[in-house]
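Engineer: Sending over a structure as structure tokens; questions will come in a sec.
The values are calculated or read from the model by the stated rules, or taken from the named source; none is laboratory data. On a predicted model such as this, the values are computed, not experimentally measured, just so you know. All Cβ positions, glycine included, derive from the backbone under ideal geometry; neighbour counts span all protein chains shown. Protein only, heavy atoms only, side chains kept; ligands, DNA and RNA dropped before computing areas. Shrake-Rupley method; radii C 1.70, N 1.55, O 1.52, S 1.80 Å.
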Amino acid sequence: RLGPACLATARARPAMHSLNFEVRDSRSKSLNSVELRGSRSKSVESALSRRTLSWMRDRILEITHETPEEEEDLGQRLTPLSRFSAIVILCQSIMGAGVVAIPSALGAAGVVGGLGVLCLCYGMSIGAFFLLVLLANHTGEWSYAGYAKKTLGGFWNVYIDFLMITYCLGVCIIYVTLFGNFLVKLVGLFTNVDSLGGELKVNRACTIIATLCIGMPLSCLSSLGALKGVASLGLCGVLFALIAVVKRFFDHDEFLFSQRGTASHMQMFIADTFAKSFPLLTLSYGCHFSCPALYKEVAPAVGSPDWGLTPEGQRAFKRMAFILVVACTFSLMIYGGIGFFVLA
């Protein structure tokens, strides 16, 4: 009974083997064709990617490429800050409200001793300003954190940023206090402070209003050049203080002479209290933190390492050096004039 079935199966085996071979052969051919098409599509995609990247590279080079004429005109296209505006901003940053403390510092050291320390601080400050500009030309950075990152490495830039934030917060607290103290006296010239709730309430109100309306908007400006109007106004106030002191001196003003204390004549050098002048006079030129940013606005092309070796970098350094010397010298004259005429 099994014989015919086995015979039929034996006869069918060659045909099945032939069919399986044909199926495997067709599958291999289809797989080869699929792989061939896939490799072709990949090669086409890679070619398109190379062409796209090449086009993008050429486009970027075309946009960023600068001819020698464009490089020479770089400062004009980026609108650098003028020398006069930079000098005004730097003078106002150096002096500011600290000019009122100069007579006290000179009085503690004597006129000759105080002016000597002031001149010493003048020379040291100019040297420090020059070093900051040279660092900007060498590293291509224009901030203390950038200097620390390029020269010291590690986490020094974070540490320097922390110190800068701490210093700026202290300055902000000082100016907020000055806002309240000076504005209360200004309000008292026009009305009775007691009728407004007392001096303490008026002081707080003046502090809040001045901080929100003056301090915060000025602190949020994007550039130092935007401060040239306010800096000019502040510098006029400093010059007015010098004129008022000189006029009161020649008018023999009683209030001015009463500020000298018990001394009946001007003292040249006071050894006992000489050291008390150092905390004030050493900070009399304390605006170095704004020097790198100001240099970036005076010479907008700075930003690449060793840029100071180029002709444009050398011209920018001379321009900034002129600004620094003029601003520091003018501030020294104002400081010395106010201190001398108050104590003379």
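Engineer: For the residue pair MET164 and THR151, what label-to-label distance in nm results when each label sits 7 Å from Cα along the Cα-to-beta-carbon direction?
Structural biologist: 1.3
Engineer: Next question, about the same structure. Share of segment 171-218's accessible area from carbon and sulfur, percent, 1.4 Å?
Structural biologist: 74
Engineer: Which ³J(HN,Hα) values, rounded to whole Hz and listed in residue order, are derived for segment 273-290 from phi using the Karplus coefficients 6.51, -1.76 and 1.60 in 6.51 cos²θ - 1.76 cosθ + 1.60 with θ = phi - 60°, glycine and proline given as x?
Structural biologist: Per residue, the Karplus-derived 3J(HN,Hα) values read 10, 4, 5, 5, 7, 5, x, 7, 6, 5, 9, 5, 10, x, 9, 5, 5, 8 Hz.
Engineer: Test of understanding: what is the full-extension gain from PHE289 to ARG204, defined as 0.36 nm times their sequence separation minus their Cα-Cα distance?
Structural biologist: Length gained, PHE289 through ARG204: 27.6 nm.
Engineer: Here's another thing I want to ask about it. What is the percent carbon and sulfur in the accessible area of segment 112-160, measuring with a 1.4 Å probe over the protein chains and ignoring ligands?
Structural biologist: Answer for segment 112-160: carbon and sulfur cover 76 percent of the accessible area.
Engineer: Quick one: ranking CYS236, CYS206 by accessible area, 1.4 Å probe, largest first, what do you get?
Structural biologist: The most accessible residue leads, giving CYS236, CYS206.
Engineer: Sticking with this structure for a sec: How much length would be gained if the chain were fully extended between LEU178 and PHE84, taking 0.36 nm per residue of separation minus their Cα-Cα distance, in nm to one decimal?
Structural biologist: 31.1 nm
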